Structure formats: structure tokens, C-alpha cells
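The values are calculated or read from the model by the stated rules, or taken from the named source; none is laboratory data. It should be emphasised that the depicted structure is a prediction, and the values quoted were computed from it without experimental measurement. Glycine gets a Cβ as well: all are built from the backbone with ideal geometry, and neighbour counts include every protein chain shown. The protein model used for the area step is the full one, side chains on, heavy atoms only, and it has no ligands, DNA or RNA in it. Shrake-Rupley method; radii C 1.70, N 1.55, O 1.52, S 1.80 Å.
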Number of protein chains: 2
Amino acid sequence: MKRSFFRRLLLATALIVSGSSLSSTTSADEGMWLYNNLPLETLEKKYGFKPTAEWADHLMKSSVRFNSGGSGSFVSSNGLVLTNHHVASDVLFKLSTANNNLLEQGFLAKTTAEELKAPDLELNQLISIEDVTDRINAVVKDGMSPADASKARQAEMSRVEKEAGDKSGLRCDIVTLYGGARYHLYSYKKYTDVRLVWAPETKSAFFGGDADNFEYPRFCLDTTILRVYENNEPAKIEHYLKVDADGAAENELVFVSGHPGRTRRIYTVDALRYQRDQRLPKTLDLLRRKEVLLQQYGFGGDEQTRRARDEMFGIQNSRKAYTGMIGGLQNPSYIESKIQYEAEMQKKIAADPKLAKYADAWKKVAEVQAKRQALSHQDVTIRSGIFGIAQELVLMAAEDQKPSEERLREYRESNRESLLQQLYSPAPMYDDLERVQLADELARLAETRGGEDPLVLAALHGKGPRERAADLIAGTKLFDVEARKAVVAAGAKGIENSTDRLIQLAKTLDSEYRRLRKLTEELDEVERQAYAQITEARFALEGTSVYPDATFTLRLAFGPVQGYHVDGESIPYTTTLGGAFEHEESHGAKDPWILPESWKKAKDKLNPKTPLNFVCTADIIGGNSGSPVVNTKGELVGIIFDGNIQSLTADFYYSDEVGRAVSVHIAGLLESLDKIYGAKFIVDQMGK
Amino acid sequence: MKRSFFRRLLLATALIVSGSSLSSTTSADEGMWLYNNLPLETLEKKYGFKPTAEWADHLMKSSVRFNSGGSGSFVSSNGLVLTNHHVASDVLFKLSTANNNLLEQGFLAKTTAEELKAPDLELNQLISIEDVTDRINAVVKDGMSPADASKARQAEMSRVEKEAGDKSGLRCDIVTLYGGARYHLYSYKKYTDVRLVWAPETKSAFFGGDADNFEYPRFCLDTTILRVYENNEPAKIEHYLKVDADGAAENELVFVSGHPGRTRRIYTVDALRYQRDQRLPKTLDLLRRKEVLLQQYGFGGDEQTRRARDEMFGIQNSRKAYTGMIGGLQNPSYIESKIQYEAEMQKKIAADPKLAKYADAWKKVAEVQAKRQALSHQDVTIRSGIFGIAQELVLMAAEDQKPSEERLREYRESNRESLLQQLYSPAPMYDDLERVQLADELARLAETRGGEDPLVLAALHGKGPRERAADLIAGTKLFDVEARKAVVAAGAKGIENSTDRLIQLAKTLDSEYRRLRKLTEELDEVERQAYAQITEARFALEGTSVYPDATFTLRLAFGPVQGYHVDGESIPYTTTLGGAFEHEESHGAKDPWILPESWKKAKDKLNPKTPLNFVCTADIIGGNSGSPVVNTKGELVGIIFDGNIQSLTADFYYSDEVGRAVSVHIAGLLESLDKIYGAKFIVDQMGK
């Protein structure tokens, strides 16, 4: 559900921007590798380590995807799942109330009976990958327009997914890889009963707050433990990670198994220009707008601050990440190197008649960017949780009239269960917050399309954005889950006759929304096919041993645990529990550098030399949050939770000169669970 | 100086945007009236009060303009000047250091010897107004292009100003009124030795902070007292305000004499559309960008927060004001009424052959908007204090080669003293803050013009914005005032050979800056002339008893002291000192609702019923901050410091339904000076 738009943007950017692709150069420890195309040779050559098929299969099945936008792992036979606090914060937020703020206080279930069910969380465990490229491409006939080709492919993808799902009982998704050069069928076991076991206080998980975010050295216990259930019992898990209690050592080779959301390393020069000059600046304007909006809303009091907190974190996190990203693109030397690479490639293509058919792919990408730019002024997206529900109800009622494979993709049968879990989520929504956000979105709609655009006038209904938003919120019943169910039950007829003002607004915007979505999907298709051609050209020129751009599907990254040098300073690979206390003191123990009471009480019991965070060179990005870090024996040594500020260019290019992935060290987690949180019984379950 | 760009934008928007004009409808207590065209008839008819020429002349000469962007008044024969804390905060900031933060602690000079000289403040007292329209227009010959006409007018304006200045020894500025239908010569006595006498703590002056800003009821002691000096002695002031110690009573008619910065009430429908859909959204994006940037910078520590504080206030204040403004424009009913008004006017013009020559003025305004929009993508403005100094040095060296009347306007002889006072200001500048801001501005330049624009590449010099900004700051000596003087002394030759990196950057941008400035000034001229035509049409159809749009020159506004009703609630006209303590308690005494220690210590001595703030219906806008509020006897009853949130549409239209001007009540000021700040001796000087 669109409850918190910006979390998605943060942790699972793949869910928002389309057009995936593949890396332009592979060097050092670069790469987010497919489990069915691992860089075995590189690993053996560089590190003398060759993972066996069993090793990889076990790690794959021990890895967990959070559909809310992050990664995690199974760490016990009785269903314990380890992830980041900031991945689970969505759950913590939804389970909190004004008087019981789990984000602030943390949580510990002393018995399974005390574990709290997440309202709408779905976890996925990857079971198998199958290449279905030929079957998907077979439905495209010569001379089909891009729109028709896309439609044919979409329909075939829905059919393949449904067939596979019916046969296996698994969640089956087709993933478009290498910008459309390959289609792989991913089959997942789904867990929808997920319960909260333990979470630290935000003060410990996000120590240093927005100020320390993306900085290193770092001192965050950014972890949370959940448990999956089946049939109301802790699930029995076959594949889970053993624990190396000593954790990662300096220079040790480690692996990261997680779900990077999106990278754009194959992007052509024109696509990068569009990002640098148009898309990223606009995204940053939007993020800053929402950040200021939520800050203002938070002035209303502590409860308002709490209500906005989870979304605020996502926004600030994204804002900082995008700022780093655009800075990387604005460095002229980067685009310069891309221009050269592209020119050389086109020269090689021109020299080889067999490759002639790929020659105009770059031009197609450029054309798509120009069209996207034009479309951006017509955008009718309303980034509001409660409006999102209304819109989904309106779309679903219409889409359900069609055969599954002809529907907009999220309304296909095989996705219905996941969709309804979100739509009927009992997680609280706050009318005052929704009103403020909706008002801002109506203002933004007016700014995007112009204040007298007929659709804007229809949406505003003769009022200013603030007054209109107040009317809309007062005139909807959709805060009540039962009311949503009633609308679904009434179907298309119900939508037609609805007097709910938000549903009426969604109907007002419906045809334009559909028109723009259709145009956008056609552009996506053209761009995908262009990137598929570029990929084929690269396969021909450079070989197929390359990784595709990230797609919020499971990947393996690797690299040694290693510090770095910056501005003449040597940054050690690890920090310690004792260092956290020093870090607090050096900032005068002022917000956001205040450790929680629990830490202060336990201080004397703690071994201050216990490692807390560490860095390695593995290639990660948003969506990797919560990924297990394992050693060559496949044992858990850490949990990814961040990249340093120098790694923020990773969306476009990887560098291990000073860019690093930042993890919670397993030793720090175990020591804290035992000595700070009185949860030795959890430590005892882990790895067993 | 461009030390803090956003203060200007806030308090004296007139300094930034050109194109003034006149109101489209006059109703209720609307109007920012010229002192040489006061609404005597209206006042007599509605309030039975007819100001005498002496009354008006005395009030005019008791009024003070702060060239940093605000208003004030003389309140004693020995030079005391009363204004807002937020107008003087620029001075307080510049007089502060890491260990002596006047903004935080407040200030009190117990003797004149203890009074602190403001580094670069200029105050103006208006002495006379003369209509020079005919002389200015006489230089425009038939068939001149707009560019030539503008040039001829500019040159004549410089000549008139210089002649008048040489004759009177005063500062003489020509003000373009009614969008160019009238030119008036304003002659000011200048005060450049201004010293700080008393300021309260920000906690009291800005109680409730950004959260309460533009809200009402309000509880702010937003005042500061300065003193003007001549020949190193307190100046002897002939015209100063007497004080009505009881202050404003409910329903009493009051007058506001101050310097509203800019209104845009004459704007045509097309100009309003440009504001609503282009200009204001972009301005808000920029303000939010700078707000977030300074917040991030402030994470560096208390000292960083202090360094950014003054600019931050201006930015947050503007952001809130512009948000209200755009909300007003986005209400479809407002533009609807403007469309109708314009259509009717054009019908009348079409019906009267004598008015035919005005018919296409609206089309000209529309064309100008389209051209401004196109130019905005080429903007090379770098909003950085230290770069601003470099740019000014580069421009000055070149302009000084020309006769005074041919120079860019700020470099004319008659302005030299004011210019150098700013340029040689000893106020501190901080290299870390300047570096962060310059980096952001280089990034913004790249976003505006595209990352591979030749000028952008030249400005970035092969580096990313952050690295380049660090290089530039490390490679300039301009933080040192003596270095600036040396550059000025070396003249054009010095600029040519300079190795200062910021001067080199200013030279790189110089020709494009000049090209764009020329184009913009031509557009201004076309627009001004179009508005002059519209004004003549209105004079012909509606009479000449109307006020022109605000121009940061002295105006008189009026209206009764009156509460209002909003959302079914009755808001009383005044708040009290006791109410401030209640307001603190009702917000849990949390930041920003913490009264300073001085208030708590004095609480028992204070009369809690003393009025603190009050509202009236007078027509004000940014720039009016610090304006004296006087009764019909011309006695001081209050000091303007804000408008309520419902008044934020005042840039485009006035309404007294719920819109109100907010003042500090004189009784609250006197009681606080005496009982909280131990400054009875100041109270004793006031009005005497």
C-alpha cells in the first residue's frame, strides 16, 4: 500500500523507476551477481575460494526479501528472521500508538505468546530461478509495434507466472534482467504471518540520526528480530544461517546476500544526462518539500512527530542518498569517461556488420528521455496514503472486469493475495497527517499541470488546496478497513455510485492516470528493448560473464573487510561498543547523539572492545538493508545497514577506493542482546 | 552585501523582484498610501479623522528605513530607534562570536559608552518627495526601442539623483511608481553610525519559533532598540514619536508608517499565472533546499547552528510566507475574479477610442512572462556571500571605467558610499559555511544550465561541486576586508591579473551575467511600460485616488485594532504577558516554547494583564517589520512585527475578513524593559 511512499523510494527504489540494465565495466569487487550466474572464476582467481552449488543454494534459501523494501535472513530453525531496525521500522511504526511507541522504547517478547503480528508484512524466500526468455520472446511477432509487443509480453508473463504458481503453490514473478535481454522466473515461498520478537530503541539503532546517516565510523545497532509463523506456529526452517560468534575479521573475504533495489550502471550518456539535469534535481526538490512539510506537521507536538517519524526517516535518508548521487554525476570526469566508452563501443559496432542492428539503440534511449521529460509536466500522481487506497479500489474494480493477463500488472490474479494484504492492512492511518499531505499533493498537482488545467480545477472543486483537502478527508470512509472491504464487495457498480469523496477524486483522475501510465509503459518498453540491444552488443563484444543492474531480486556481492583512507586519515575497518559511548560524549550527549538508558545501565557489564560496526568493499545499494554478511563457511558475521557517503554513487558506478558497505558486527549484536537487552534466550536460539 | 541573501528576500522583497504596480480594487482598510497622496477623504468619511499636513510630515520624518530590509522609528530626541528584533537580528548576528552570542543572550548597554556599533547598517529618514515624472519621460523620444528608452531614462534618473544629492547633501533615489506611470524623487537623510542599545533574547523575541511564526494569538517581544550617532555623539533628532503608554485599545483607529517591500496587486492574469505556476514553485523549491542545507550544516554543532541561525530564520520565514501566498493564488476563485475584472476593463477600453492605445498592454505583459520563463533556464546567479563580494569587485572595476550615469545602477557615484559600507563590512564570514553554500550553488548552477554547459564546465573546472567549492574557498583572500580594499585600489588592472580563485570565477561568469542582466532589464522596462499603460487606463476609468504597489519606500496604512473569527472561534485583539507563560506551559515548555530565564525571574513582578501583542486591519507586507503603529494623535502605540497566516495573500490581494497585522503592544514593551530587563532608564528616554 502507498502508506509511506518514501520508504519505498528509499529501500526499494526498484519499485518505482523502471528500466534496469547491466554494468558498463567490472573491476575490483564490483558486482551484484545473479545466483544462477555467479562469478566463480573471479572468486577462485582473486580469493582462491570457489563456492559449491550447495553453499550457494543454502545461502540463497537462507536469504529473505522484505516486500516493504529490504532484506534479511533466517537465523534459526524455529523461524527467527534477522534484519535492520530501519527495515522493520515500518512494522514497529504500525504496531505503535500514541501511548506505546515501539520505535522509541524498543520491544522484547519474552515468550512466543508475546510476539506481535505485523499488520501487513510479506516475506519472500527464493526457491528457484528459471530462464524463460525464449518463451516470453516467442510471443512477439515481426512488425509488432512496441506497444503491442509489450502487451503481448506482459500477457505471456502473466500466463507463465500463473501456470508456475498453480503448479508449485509458490509466488512466481518474472524478472526482466539486462534491460530486457533476459527474462527469469523467480519462485518464492511466501510468509505472511510475521511477528516481532525484539527491537532496540531508535536511539541505539539510529544513534547519531540523520547527522550520522551515511557517515563512517558509525555506532548503530541497526537490527531487529522477527519470526515467521505457519499455521499459527513458529515456522520450521530448513535453510538458516549458522553464526560465527567472533564475526568478521580484518581482510576476511565476506559475502552479502540481499536484494539491491535498483542500479543504473548501463545507462547511456543521454539517460545519465536526463537523470543529472532533470530527474534527480526534481526528485530532490520533492524530497526536501516533504521533509519540510513533515517537520512543520511535527511542530504540532510529540504525537505528531511520532506519526511522521517513520516516513521522515525514509525521506531524509533518500534526500541524503540522492544528494550524493547527483554530486557524483555532476563531476565532469565521470560523464567524460562514459562518453568515451560509448564512442568506442559505437566504433566497434560500426566496424562489425553483424552488430549493425544494435547501432541505433543509443538514439532510441535518447528519444525516450526527451519524451519522459515532456510527460513529467502532465503527471497526476498523488502521493497520499489514503488517496492511494481510493485509487487502488477504483482501478481494481475496473481491472477485475478483464481476464487476468490483460489487467494492469498489479491486479493480476497471482498478485491478489499480496495486494489485499496491503489494502486491508489494519495499520493505523492518521487523518490530520493525511490531510496535510493531501493538501500538499493537490498544490503540487496544480504546480505540475498549471493552476487552471481542467483536471486541476476538477480536483480542486473551486477551493484552495488546503480547504479542498479538508473536505476530501472529511468526506471519506476509507480510513476504516471494513469500508474498503465493502467497496471491493460492491465491485464496479459500487464505484460508479460511490459518494465517497476520495473515490470520486480517483475517478476524476482515472482516465488521465491510465493514459499517462500507458504512455509511460510504452516508453519503458522501448527503452527496455533498446537496453536489451545494447546488452546483446556487449555480450557480443565483452562476453556474458557480467551482472545485470539491480532489480530488487536476490544477488550475491563480495569483498574483503577493509578500512580506507580519506583526506589523509586512516579509517579503521571496525568500531566498538566502547566507541559508541565515546562518540556520545564527544557530541556533548545532545540529540541525536544520546544513547538509550538501557545502554547506560549495562555499560559496566559490556566488553567495550566488542566490535559494533564494520565496513567491507561489497557492492550494495538501497534494498540491501538487512542483508546477511557471511564468511566463506556461510556463517553469519554481520548485517548490512548502510553505505558510507563515498559509496552513494553506486547507483551509477562502483568504486572500492573509499566507498564501503557498513554492517552491524555479529559480535556487537550478540553482546548487546545478552548484556543490554536481557535476551540471552534469543542468542541461544540463533544458528540452531 | 549578499551576506545573507534570504533576509532580503524576506524583509525587503522589493530589492529583488522588479515590476511594481497598483492595486486593482480598493475596499475596506486596504492601501499602502503615498505620503504625497494620502486618502484624506476616505479617512474623514469612514473614521471622521483628517490628518493635518503637520501630522503627516511629523510621522514621515519620525519613520526610519533599515536598508538591510525593514522599518523603524525615532522614539527620542537623543537618537533612539525602535525596530523589530528580527530586523536588527542581522546586526546582532554580525556582532556575535562563538563565545558571545547576542542573539541568544540579548544585550543591554547601561551607558552610551557600552553601545555597540553595527558593522554595516544604514538607516534612512525620508525628508521630501518630489514628482519628477515629466523630466524623466522627456528624454524618451518617439520611436526609441524599449532598450534605448530604458537607457535614456536610467541615465536621466542618475543625473537627477546626482544633481539633487549634490544640492541637498541627502541620499536621493528616484522611485518608479504605478508600474512606471510616475517617477518620484525621494530624498533621505542617511545615518551610518548606528549602535545597539538593547535587545531581548531570541527566546523572547521569537517565542514559539518557526512553529508560531505567522500564527496568532502570539506572544513575542519582537523588538530591539538602537541609537543613531552623528560625529560620534548621539544624534539630535527633531522628529520623534511621543509614546502613549497605555497603547492601542480595542477598535481604536491606528496608522502604520513603514516600508512595505513589494506587492503585486496590479499584476495581470498572465503575470499571476506565471507567479503561480512557475516563479513561486521554484522560489519555494529554492527556499526548502537552503533550509535543509543549513539544517545539515547545523548538525556540525552549536557553533554551526549559531552561524546559520540568522539566515535560517529568514529562509523559514520566507518559506512559510510563500507557501501561504501560492495557496492564495491556487484558489481558483481568486484568478476567476481577476479574469472577470480584466475582461470588463478591456471591454471598456474597446468601447472608448481615446483608450485604444492601452489595449495591447496586457498582451505585452504576457509576452514578458514567457520570456522570463525562457531566461530562467540560463540563470547564473550564485547565491553565496563570499562569491558575491568577488563578483561585486569584478563588476565595480569595469563599471568605474564609465561615466556614472552609464554604469549598472548600483555602481553610480551617488550610491558609492552605501556600496562600500557593505563591501568593507567587518562582519564575520565563516569559511566552512561559505564552502557548503558555494558547493550547493555550483550544483544548482549545473542543474539550471545542464551539467555539460560550457560555462558550468568552466565553473566546475573538472571537479564535482563539493571539491571545487573547497578549492575556491581555499584559494581566496576575500574573507579579509583589507584584501578587498587592495583589490579595489588596484582597479581594472588588478582584476585582470588577480590570482584569487573567486575573482577568477566571477570573471568566468561575467559576460553571461551581463548578457542576462541586460535582457532582464529590457524585459523589466517593457513590463514597466505596459503596467504604466494599464495604470493610465485605470486612472482614466477609475480616477487617480489609488495607491501604487509597494516599492520599499515609505507608506501609510491604517485600520482599527480588531480581533476576528476563524473556524467558529473568536480570536481576541490582544494577548498578554501572563498569556505568554500560559502558552509556554500548554506546550510543555519544550523548544521552541521556552521563555528565557530573565522572564522567569521577573514573573512575580510583572502585571500579567499587560498587553503583549495585538492585531489591527492595516494593510502591510514584508518590509513593514518594525513599523511604528501610532494613534490619531501620532503617539506610538505599537510596533508591527508580523502578519497572521490569513494575511499572506497580501502580496496579491488584501482582505480584512480574517487577515491581520500583528504588533508588539507598547505597554508590553515598556513593562518588559522596566521589570524584566532592568532598563527603566531607556523607558525614561522614550518619547522625550
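Calculated on C-alpha atoms, the gyration radius of the stretch A:554-645 divided by its Kirkwood radius gives an Rg/Rh of 1.01.
For B:Lys364, the lysines whose Cα falls under 28 Å of its own Cα, not counting residues fewer than eight places away in the same chain, are B:Lys141, B:Lys151, B:Lys282, B:Lys338, B:Lys347, B:Lys348, B:Lys354, B:Lys518. A helix-only calculation puts chain A at -14000 deg cm²/dmol for mean residue ellipticity at 222 nm, using -39500 (n - 2.57) for each DSSP H run of at least four residues, averaged over all residues. The charge dipole of the stretch B:263-315, taken about the Cα centre with unit charges on the Cβ atoms of Lys, Arg (+1) and Asp, Glu (-1), comes to about 300 debye, rounded to the nearest 20. Using a cutoff of 8 angstrom between alpha carbon atoms and counting only pairs six or more residues apart, the relative contact order for chain B works out to 27 percent.
Here the dipole of the protein assembly as shown is about 1200 debye; that uses its Cα centre as origin and unit charges on the Cβ of Lys and Arg (positive) and Asp and Glu (negative). Taking the centroid of alpha carbons for each part, the stretch A:565-623 and the stretch A:209-240 are 18 Å apart.
Across the identical copies, the label point of A:Ala490 (7 Å from Cα in the Cβ direction) is separated from its matches by 7.8 nm, in order from shortest.
Net charge around A:Asp302, counting only other residues with Cβ within less than 13 Å of its Cβ (Lys, Arg = +1; Asp, Glu = -1)?
After counting each charged neighbour, the total is +1.
Toward the positive end of the charge dipole of chain B, with +1 on the Cβ of Lys and Arg and -1 on the Cβ of Asp and Glu, the farthest Cα among B:Leu423, B:Ile645, B:Leu108 is that of B:Leu423. Residues of the stretch B:291-336 buried by at least 50 Å² of accessible area upon assembly of all protein chains, compared with the chain on its own (1.4 Å probe): B:Val292, B:Gln296, B:Phe299, B:Gln330, B:Pro332.
The mean number of Cβ atoms from other chains found within 10 Å of a Cβ in peptide A:448-457 is 3, as a whole number.
For B:Gly638, nonlocal amide neighbours, meaning residues 5 or more places apart or on other chains whose placed amide H falls under 5 Å from its own, are B:Val629, B:Ile666. Charged neighbours of A:Asp656, selected by a Cβ distance under 12 Å, balance to -3 (K, R count +1; D, E count -1). Computed from the Cβ-Cβ distance with R0 of 45 Å, the FRET efficiency linking B:Glu467 to B:Lys190 stands at 0.55.
Based on the Kirkwood radius over alpha-carbon pairs, what is the Stokes-Einstein translational diffusion coefficient of the stretch B:64-184 at 20 °C with 1.002 mPa s viscosity, in µm²/s?
Translational diffusion coefficient: 121 µm²/s.
Label-point spacing for A:Ser586 across the identical copies (point 7 Å from Cα in the Cβ direction), in nm and ascending order: 4.5.
Can you give the charge dipole size of the stretch A:267-372 about its Cα centre, rounded to the nearest 20 debye, using +1 on the beta carbon of Lys and Arg and -1 on the beta carbon of Asp and Glu? Display every interim value, and only then the final one.
On the way: 21 positive and 14 negative charges, 46 e Å.
In total the dipole reaches around 220 debye.
Comparing the full protein assembly with the isolated chain (1.4 Å probe, heavy atoms, ligands and nucleic acids excluded), the residues of the stretch A:268-288 losing at least 20 square angstrom of accessible area are A:Arg276, A:Asp277, A:Pro281, A:Asp285, A:Arg288. Only one residue of B:Ala361, B:Gln304, B:Ser333 has its Cα farthest out toward the positive end of the dipole of the stretch B:267-372, where Lys and Arg carry +1 and Asp and Glu -1 on Cβ, and that residue is B:Ala361. Using a probe radius of 1.4 angstrom, the carbon and sulfur fraction of the accessible surface of the stretch A:515-633 is 51%. The mean sequence separation of alpha-carbon pairs under 8 Å and at least six residues apart, normalised by the residue count of the stretch B:71-219, gives a relative contact order of 31 percent.
Both the radius of gyration and Dmax for the stretch A:267-372 are 20.2, 68 Å, in that order, over alpha-carbon atoms.
Under 5 Å from the amide H of B:Phe558 lie the amide H atoms of B:Val256, B:Asp619, each residue being 5 or more positions distant or on a separate chain, with H modelled from the backbone and absent for Pro and chain starts. For the pair A:Lys45 and B:Lys282, a Förster radius of 51 Å applied to the C-beta separation gives a FRET efficiency near 0.45, rounded to the nearest 0.05. Using the 1.4 Å probe convention, the accessible area of the stretch A:267-372 works out to 39 Å² per residue with neighbouring protein chains retained. Summing +1 for each Lys or Arg and -1 for each Asp or Glu among the other residues whose beta-carbon sits under 14 angstrom from that of B:Glu215 gives -3.
Choose one of A:Phe558, A:Trp33, A:Leu177: the residue whose Cα lies farthest towards the positive end of the charge dipole of the protein assembly as shown (beta-carbon charges +1 Lys, Arg; -1 Asp, Glu; about the Cα centre). The Cα lying farthest towards the positive end belongs to A:Leu177.
Ranked by the mean number of other Cβ atoms within 10 Å of their residues, highest first, the peptides B:46-58, A:250-262, B:236-248 come out as A:250-262, B:236-248, B:46-58.
Structural size metrics of the stretch A:238-299, computed from C-alpha coordinates, are Rg and Dmax of 20.5, 49 Å.
In the assembly of identical copies, A:Arg416 has its label point, taken 7 Å from Cα in the direction of the beta carbon, separated from the corresponding points by 8.5 nm (ascending, one decimal).
Its Kirkwood hydrodynamic radius, worked out from the mean inverse distance over all distinct Cα pairs, puts the protein assembly as shown at 34.1 Å.
The stretch B:446-482 and the stretch B:416-439 have their alpha-carbon centroids 17 Å apart. Would you please classify the overall shape of chain B from the alpha carbon gyration tensor, given that a ≥ b ≥ c denote the square roots of the eigenvalues, rounded means a/c under 1.5, and beyond that prolate means a/b larger than b/c while oblate covers the rest? Judged from the Cα gyration tensor, chain B comes out rounded (a/c under 1.5). Shape summary of the stretch A:351-438, radius of gyration then Dmax from alpha carbon positions: 20.2, 64 Å.
Remark: relative contact order (the stretch B:547-688) = 24 percent; criterion is Cα-Cα distance under 8 angstrom and separation of 6 or more residues. By the Stokes-Einstein formula, at 1.306 mPa s and 10 °C, the stretch B:34-103 with its Kirkwood radius over alpha-carbon pairs has D equal to 107 µm²/s.
Summed for both chains, how many Å² of accessible area, to the nearest 100, are buried between B and A with a 1.4 Å probe?
Answer for the B-A pair: about 3200 Å² buried.
Listed peptides B:178-187, B:669-678, B:562-571 appear in the order B:178-187, B:669-678, B:562-571 once ranked by packing, highest mean of other Cβ atoms within 10 Å at the front.
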